[in-house]
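Visitor: Take this structure, written in structure tokens, and hold onto it; I'll ask about it next.
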Amino acid sequence: MHAIFEILKIARCLPRFEIVMFQLFVVGFVFEVGYQTSIAQDESSLDQQSEQSESDLPLSKRWEDYLLSPITDGDRKWALDAMTEAERIELTEVLKKTEFQLDPIAAQVYIKRICEMGPRISGSESMAVQQAALIRHFGELGYSVARQSFDVPHPETRVNTTLTNLIVQLHPERKLRILICCHYDTRPFADRDPVNPKSLLPGANDGASGVAFLMMLAPHLKELGPRLGIDLVFFDAEELIYVRERDKLFLGSTHFAEQYVRSPPDHRYRAGVLVDMIADRTLELYHEKNSLKYAGPLTKQIWLKAQKLGIKDFVPKPKHEVRDDHLPLNEIAKIPTTDLIDFDYPSMTAKESYWHTAKDTVDKCSPLSMAKVGVVLVEWAKDYVK
Ligand SMILES: [Zn+2]
């Protein structure tokens with residue numbers, strides 16, 4: 001109980017939208033059974049968020065509807081007000097670098113909504129809501145969405161747990177394909193939090209940002225040339241880690257890579273791009289060392305595109321060797337895959353890191369960073385095949 005009082009104490013110091021989020025965490029904390037965090041049971045919180053409360057609908061359906069509800073003027077004002085004037089001007093300039101009408105403000109709102117639902121731990125109810133919302137979102141855009149499900153013993157309880165990768169196919173008939181992917185689970189605990197390593201992880205940048213980013217890209221990807229097919233893949237259980245030394249990372253991407261080898265589809269992926277932690281307000285994207293090792297030409301091609309576009313936050317120098325979902329794709333599936341990850345969160349010079357801490361919240365994320373990564377990726381993909 002002591003931990004709950006600590007959380008409530010912290011909550012009193014936070015702005016309103018963070019208080020709502022904290023309420024959800026507290027509720028999640030109280031109702032947590034066997035480490036399975038359920039979605040927030042506090043209906044009044046949801047009612048505050050949703051203009052039309054459909055109280056006869058199950059809570060999970062109401063969260064799904066809320067996640068996908070139209071982006072309002074109020075939402076846009078919230079996102080723009082959180083930016084500095086200089087950031088807003090830069091955002092306008094960045095978006096002019098592509099003909100595709102990317103909407104990073106909507107992506108920022110999606111991060112906020114996803115986080116309000118609480119952590120999306122693999123196998124949890126909030127993860128199931130997120131899956132249902134994504135299937136609906138991409139289905140409404142006219143894309144086919146496949147669930148790639150498989151069972152694992154839960155690392156903590158050993159209870160059989162179903163994990164699910166989502167595979168969204170654009171132009172499934174096209175044989176020349178690339179893969180753009182992210183993980184959509186959150187780590188069970190903020191285990192690097194200096195105050196409370198057992199607190200729940202909001203996962204705004206580490207989890208929600210990849211999801212929101214792919215939601216932002218999706219409406220434009222079918223226009224990227226007449227020959228290119230794209231798969232968007234959401235990996236489950238990137239970090240279903242309760243005990244670092246014991247539990248395995250990358251369960252979803254490993255299963256995806258193994259299936260690609262075991263039951264080969266009738267297409268081959270020419271390239272893969274993994275996005276992780278790309279919404280950090282202080283964007284610093286370096287060549288990740290494993291990406292250089294396995295997918296050097298691809299990595300350099302993307303950074304070269306950024307240079308040509310004048311997006312200087314892509315720094316064409318190696319830094320950080322990161323173990324991430326691109327490893328199974330490169331090592332098992334042999335798909336040359338690069339990892340776009342800003343591992344200095346918030347920045348190289350900062351005294352503290354928000355990574356895997358309770359401070360990984362939406363206010364640390366920026367539409368400007370998602371715009372920069374988005375512009376580079378669509379312009380790279382557009383030129384990938386002519
Ligand atoms: Zn993580």
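The values are calculated or read from the model by the stated rules, or taken from the named source; none is laboratory data. Keep in mind that this is a model prediction, so the values were computed, not measured. Don't worry about glycine lacking a Cβ; one is built from the backbone with ideal geometry, like all the others, and counts go over all protein chains shown.
Visitor: Select from the stretch 357-386 the residues that are crowded, with 21+ Cβ neighbours inside 10 Å, in contact with a Lys or Arg (Cβ under 9 Å, 6 or more places away or on another chain), farther than 19 Å from residue 85 by Cα and not charged (D, E, K, R) and list them in ascending order.
Guide: Hits for the stretch 357-386 are 357, 375, 376, 377, 380.
Visitor: Between 225, 210, which is at pLDDT 95 or above, small (Gly, Ala, Ser) and either within 16 Å of the ligand (Cβ to nearest atom) or over 26 Å from residue 147 (Cβ atoms) (or both)?
Guide: Being at pLDDT 95 or above, small (Gly, Ala, Ser) and either within 16 Å of the ligand (Cβ to nearest atom) or over 26 Å from residue 147 (Cβ atoms) (or both) holds for just one of 225, 210, which is 210.
Results for (1) acidic (Asp, Glu); (2) closer than 21 Å to residue 324 by Cβ; (3) in contact with a Phe, Trp or Tyr (Cβ under 7 Å, 6 or more places away or on another chain), shown as yes or no for each residue.
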site	(1), (2), (3)
132	no, no, no
137	no, no, no
143	no, no, no
147	no, no, no
172	no, no, no
187	no, yes, no
195	no, no, no
205	no, yes, yes
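Visitor: May I ask you to list the residues in the stretch 258-279 that are assigned to a strand (DSSP E or B), β-branched (Val, Ile, Thr) and within 16 Å of the ligand (Cβ to nearest atom)?
Guide: Scanning the stretch 258-279 gives a single hit, 275.
Visitor: Continuing with the same structure: Tell me, please, whether a residue that is at pLDDT 95 or above, over 21 Å from residue 363 (Cβ atoms) and surrounded by fewer than 11 Cβ atoms within 10 Å (Cβ to Cβ) can be found in the stretch 68-88.
Guide: Taking every residue of the stretch 68-88 in turn, at least one turns out to be at pLDDT 95 or above, over 21 Å from residue 363 (Cβ atoms) and surrounded by fewer than 11 Cβ atoms within 10 Å (Cβ to Cβ).
Visitor: Cβ-Cβ below 7 Å, separation at least six or inter-chain, first residue in the stretch 265-282 and over 21 Å from residue 184 (Cα atoms), second away from the ligand (no atom under 13 Å from the Cβ) and hydroxyl-bearing (Ser, Thr, Tyr): which pairs?
Guide: 282/347
Here is a yes/no grid of residues against (1) under 15 Å from the mean Cα position of the chain (by Cα); (2) surrounded by fewer than 16 Cβ atoms within 10 Å (Cβ to Cβ):
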site: 119; (1), (2): yes, no
site: 123; (1), (2): no, no
site: 127; (1), (2): yes, no
site: 140; (1), (2): no, yes
site: 143; (1), (2): no, no
site: 148; (1), (2): no, no
site: 153; (1), (2): no, yes
site: 157; (1), (2): no, yes
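Visitor: Right, next: Under the condition of being more than 17 Å from the chain's Cα centre (by Cα) and in contact (Cβ under 8 Å) with a residue 12 or more places away in the chain, which residue from the stretch 351-365 is farthest from the ligand (Cβ to nearest atom)?
Guide: By that ranking, first place goes to 352.
Visitor: If you check every pair at least six apart or on different chains, which have Cβ atoms under 8 Å apart with a residue in the stretch 230-247 that is in contact (Cβ under 8 Å) with a residue 12 or more places away in the chain and over 16 Å from residue 164 (Cα atoms) first and a residue that is within 15 Å of the ligand (Cβ to nearest atom) and acidic (Asp, Glu) second?
Guide: Pairs that qualify, where the first residue is in contact (Cβ under 8 Å) with a residue 12 or more places away in the chain and over 16 Å from residue 164 (Cα atoms) and the partner is within 15 Å of the ligand (Cβ to nearest atom) and acidic (Asp, Glu), are 241/191; 241/247; 244/191.
Visitor: Regarding residue 166, is this residue buried (at least 17 other Cβ atoms within 10 Å of the Cβ) and away from the ligand (no atom under 16 Å from the Cβ)?
Guide: When the stated conditions are applied, residue 166 passes them.
Visitor: Can you tell which of 199, 253 is more than 23 Å from residue 140 (Cβ to Cβ), modelled with pLDDT under 95, within 16 Å of the ligand (Cβ to nearest atom) and among the hydroxyl-bearing types (Ser, Thr, Tyr)?
Guide: One residue alone meets the criteria, 199.
Visitor: Criterion first (over 20 Å from residue 214 (Cβ atoms) and modelled with pLDDT of 95 or more) does residue 294 satisfy it?
Guide: Here the answer is yes, as residue 294 does meet what is asked.
Visitor: Yes or no: the stretch 337-356 includes at least one residue that is crowded, with 20+ Cβ neighbours inside 10 Å and of a type in the set (Gly, Ala, Ser).
Guide: Within the stretch 337-356, not a single residue is crowded, with 20+ Cβ neighbours inside 10 Å and of a type in the set (Gly, Ala, Ser).
Visitor: Continuing with this model, one more query. Can you run down the residue pairs with Cβ atoms below 6 Å, 6 or more apart or on separate chains, where the first is in the stretch 174-186 and within 15 Å of residue 336 (Cα to Cα) and within 16 Å of the ligand (Cβ to nearest atom) and the partner is not basic (Lys, Arg) and not in a loop (DSSP other than H, G, I, E, B)?
Guide: Sorted first by the residue in the stretch 174-186, then by its partner, the pairs are 181/233; 181/274.
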